[in-house]
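**Student:** Quick one: the structure is below, questions incoming.
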Amino acid sequence: MKLKFLFFITLVPALAFAQIYQKHSVNKDRLSIQLSDGVMNIIPLSNKAIRVQWEKGLKEERQFVLINKLPVPAFKISEAGTKLKLSTGVITVSFDKATGAIDYSDNTGKIFLSEKAGSRKLKPDTVGGQNCFVGE
């Protein structure tokens, strides 16, 4: 009985806050992951930089940070078990289809940044009269 209760307590928060994986597609410049709440794009910018972009019903009208279009670096997509990975040879971003969490590792496989499962939460807001989402 304790095991069932522990499983229930562990599973309910995960289901309540998880962004459920639906499908993914590989494009010439990105890995797009369709989740229940929107689309996560994993975009290699260089061998050492990967952008994670979240689309939740709103598209960026204009990008203020990335104004110059750089050539797309070589990257590989792999899938093993519940993990989807985009690798440039220097850095890898892994997406866990079971938990929705992402982590970043170097070319030796050492994780240097990891997202806690269920921690990605956005709420609707406005900035300068423009609709947007703000992280909680």
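**Student:** Output the number of residues of segment 85-136 satisfying the condition of being β-branched (Val, Ile, Thr) and surrounded by 16 or more Cβ atoms within 10 Å (Cβ to Cβ).
**Tutor:** 6
**Student:** Check Cys132 against each of (1) in contact (Cβ under 8 Å) with a residue 60 or more places away in the chain; (2) closer than 15 Å to Ile42 by Cα; (3) assigned to a strand (DSSP E or B) and name the one condition it does not meet.
**Tutor:** (2)
**Student:** So in segment 42-84, with the set limited to residues that are modelled with pLDDT under 80, among the aliphatic types (A, V, I, L, M) and loosely packed, with under 13 Cβ neighbours inside 10 Å, which one is nearest to Asn107 (Cα to Cα)?
**Tutor:** Leu70
**Student:** Pick out the one residue from Thr126, Thr88, Thr92, Thr99 that is under 21 Å from Ile33 (Cβ atoms) and at pLDDT below 95.
**Tutor:** Thr99
The values are calculated or read from the model by the stated rules, or taken from the named source; none is laboratory data. This structure is a prediction, so every number in the text was calculated from the model and none was measured. Ideal geometry is used to build each Cβ from the backbone, glycine not excepted, and the neighbour counts take in all protein chains shown.
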